[in-house]
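Q: One structure is given below, represented as structure tokens, and several questions about it will come after.
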Ligand code: HEC
């Protein structure tokens with residue numbers, strides 16, 4: 001029994017170790033460059049493209065009560081922004097009610113999500 005358990009846990013751990021190694025590797029590459037900034041969107045990040053790929057499906061139509069994005073939709077966002085941009089971004093990261101965590105953009109960093117929220121608010125003026 002014990003060996004079976006061990007096998008399961010080690011095959012579970014392996015991908016995690018691989019991911020950790022990847023993160024470590026990319027971190028050390030970043031260290032080599034001149035400016036290491038913590039608050040940075042992912043390389044090649046494009047808010048409009050990411051929005052279209054991950055958020056548009058719900059936020060263009062207002063599916064499930066999602067605040068709509070687009071021209072003249074500022075009123076959808078005003079009450080939400082009353083709690084402060086950081087809280088709105090945190091809800092995008094963690095999810096809220098039927099809004100899924102990270103808006104289903106699993107390769108988005110927290111900073112990417114913040115940029116996406118800002119993009120959504122800006123395009124709703
Ligand atoms: C499956 C549908 C769905 C997708 C995909 C989705 N959202 Fe949402 N989102 C919602 C719904 C529904 C709400 C309203 C939740 C509520 O307040 O009850 C919401 C609310 C929000 C809010 C407001 C949070 C607040 O504090 O009021 C933000 C910001 C947001 N989404 C960002 C995003 C971003 C960024 C993406 C893409 C990366 C995304 N959403 C993708 C459904 C979605």
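Bear in mind these aren't lab numbers, they're just calculated from the coordinates by the rules spelled out. Being a predicted model, the structure only gives us computed values, none of them experimental. A quick note on method: Cβ atoms are made from the backbone with ideal geometry, for glycine too, and the neighbour counts reach across all protein chains shown.
Q: Using the 10 angstrom Cβ neighbour count as an exposure proxy, how do 117, 41, 88 rank, fewest first? Intermediate results must be reported in sequence, preceding the final value.
A: On the way: 117 25, 41 18, 88 21.
Listing 117, 41, 88 from fewest to most nearby Cβ atoms yields 41, 88, 117.
Q: Set the Förster radius R0 to 25 Å, insert the Cβ-Cβ distance between residue 98 and residue 123 as r into 1/(1 + (r/R0)^6), and round the FRET efficiency to 0.05. Could you put the intermediate results ahead of the total?
A: Numbers: r = 22 Å, r/R0 = 0.87.
It comes to 0.70.
Q: Which value in nm describes the separation of the simple spin-label points at residue 111 and residue 80, placed 7 Å from the Cα toward the beta carbon?
A: Once both label points are built, they end up 2.3 nm from each other.
Q: Can you give the extra length, in nm with one decimal, that the chain gains between residue 63 and residue 45 once fully stretched, where that is 0.36 nm per residue apart less the Cα-Cα distance?
A: Values: separation 18, 0.36 × 18 = 6.48 nm, distance 2.53 nm.
That works out to 4.0 nm of additional length.
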